[in-house]
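The values are calculated or read from the model by the stated rules, or taken from the named source; none is laboratory data. No experiment lies behind these values; they were computed from the predicted model shown. Note that we place each Cβ from the backbone using ideal geometry, even for glycine, and neighbour counts take in every protein chain shown. Remember, those area values only see protein heavy atoms, side chains included, never the ligands or the DNA or RNA. Shrake-Rupley method; radii C 1.70, N 1.55, O 1.52, S 1.80 Å.
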Amino acid sequence: MEDQLSLMKWIASAAVAAMALGAQAQTYYQGNPNIVVPPSSIPQAGHFHTHLLIYVGASSTLPNGGVFRGPSSDASGPAGFHPTDIQAAYRMPTSGGTNAIAIVDAYDMPTALNDFNTFSSQFGLPTESSSNAFASSNKVFQVVYAAGSKPIGSSWAVEEALDMEWAHAMAPNAKIYLVEGADSSFTSLLAAEQKAAQLTGVKEVSNSWGSGEFSGELGFDASFVQNGVVFFASAGDLGGAQSYPAESPNVVGVGGTSLFMSGTVVTSETVWGGTGGGPSSVESRPSYQSVIQSIVGTVRGCPDIAAVADPGTGVAVYDSTDGGWFVVGGTSVACPVCAGITNTRGQFMGSSTAELARVYKNYGSRLYRDITFGS
């Protein structure tokens with residue numbers, strides 16, 4: 001059942017929201033009153049849920065020292081890390097990317113084009129000049145209804161804003177498709193997955209959602225196979241718990257870190273304690289993970305890579321459907337960030353398994369920042 005409650009009202013009055021949502025309501029993340037779990041991130045049987053968390057504490061309590069500041073050219077604006085911060089953290093160019101990245105989410109975001117352009121204008125990123133969000137001729141941003149008609153409801157709007165804005169932030173010159181599934185059911189989102197993978201120019205598909213593993217998931221693994229496309233999925237926001245499709249051997253599973261910076265310099269990056277992952281209870285170890293056999297044994301291990309996700313070191317997101325600027329965390333952040341980084345790298349692989357073979361071939365190399373602290 002989709003919740004229509006306004007996200008801003010949900011944040012402003014958590015007690016009222018909890019009553020409206022019923023017994024399944026989860027107001028704060030692990031009891032922390034500074035971090036809200038939105039309705040879209042609450043698990044429901046037969047549905048995928050988002051992996052995002054919203055930081056609502058005073059800016060003075062943010063670990064990086066109040067409103068996050070980037071370099072001098074980006075020393076103002078909304079709270080949360082800005083694109084130039086994360087570009088610097090992962091040594092990315094400020095103008096990279098090519099072809100296209102598809103974002104798959106559920107329901108509709110009525111303000112998608114406006115919010116994409118507002119975020120982009122705020123941070124000096126390319127904007128979409130067309131006033132028609134659905135025009136196939138759009139060069140920068142396009143909305144696609146996976147089922148051919150407008151989905152009902154907008155309870156995933158902040159997730160959609162996060163995904164499209166931060167994939168764009170890491171690959172500014174790649175076209176961003178926002179593919180909206182009819183709802184969050186397994187059937188709808190897996191159908192949207194295939195629609196996204198077949199769009200013109202798509203090289204990466206980002207999925208910031210999942211569910212717990214289940215016995216029938218092997219039958220869905222083929223949904224994440226498309227020639228020339230690499231699929232990404234966030235590993236979840238429950239420490240050490242497995243999430244599907246991140247655990248699929250046909251998907252790059254993306255975990256989360258806590259990122260601390262001084263200006264443009266990373267001072268510390270550690271495991272975020274909330275990141276999902278672990279040995280799969282269903283999937284066997286793929287051949288590309290033979291190099292870590294001593295860690296994972298005979299089963300698929302996840303995540304494969306990771307990036308910023310701690311809501312206390314969250315990113316700025318603009319979602320006017322729900323009220324404006326937010327500081328957002330969760331592995332929902334790391335997923336589009338990693339999809340954008342992969343796009344900007346420009347060495348497009350023929351499949352997710354080919355990309356994962358490349359990742360593990362470079363296991364332990366200087367291509368990656370080795371995260372050795374945290375749990």
Would you point out which residue out of GLU283, GLU247 is within 26 Å of MET170 (Cα to Cα) and either part of a loop (DSSP other than H, G, I, E, B) or touching a residue at least 12 places away in the same chain (Cβ under 8 Å) (or both)?
GLU247
Please tell me if GLY301 is open to solvent by less than 20 Å² (accessible area, probe 1.4 Å), in a loop (DSSP other than H, G, I, E, B) and out of contact with any Phe, Trp or Tyr (no Cβ under 8 Å at 6 or more places or on another chain).
no
When the residues of the range 316-339 are narrowed to those that are small (Gly, Ala, Ser) and over 24 Å from ALA174 (Cβ atoms), which ends up most open to solvent (accessible area, probe 1.4 Å)?
GLY323
Do the conditions hold for THR313, that is, is it at pLDDT below 95, of a type in the set (S, T, N, Q) and loosely packed, with under 15 Cβ neighbours inside 10 Å?
no
Selection from the range 225-256 of residues that are of a type in the set (S, T, N, Q), in contact with a strand residue (DSSP E or B) (Cβ under 6 Å, 6 or more places away or on another chain) and open to solvent by 10 Å² or more (accessible area, probe 1.4 Å)
GLN242
Does GLY276 qualify as being within 30 Å of ALA157 (Cα to Cα), touching a residue at least 60 places away in the same chain (Cβ under 8 Å), assigned to a helix (DSSP H, G or I) and of a type in the set (Gly, Ala, Ser)?
no
Within the range 141-161, the count of residues that are out of contact with any Leu (no Cβ under 9 Å at 6 or more places or on another chain) and either touching a residue at least 40 places away in the same chain (Cβ under 8 Å) or aliphatic (A, V, I, L, M) (or both) comes to 8
Between a first residue in the range 297-312 that is more than 19 Å from GLY329 (Cβ to Cβ) and a second residue that is open to solvent by 30 Å² or more (accessible area, probe 1.4 Å) and assigned to a loop (DSSP other than H, G, I, E, B), which pairs have beta carbons less than 6 Å apart while being 6 or more apart in sequence or on different chains?
THR298/ARG285; VAL299/ARG285; ARG300/ARG285
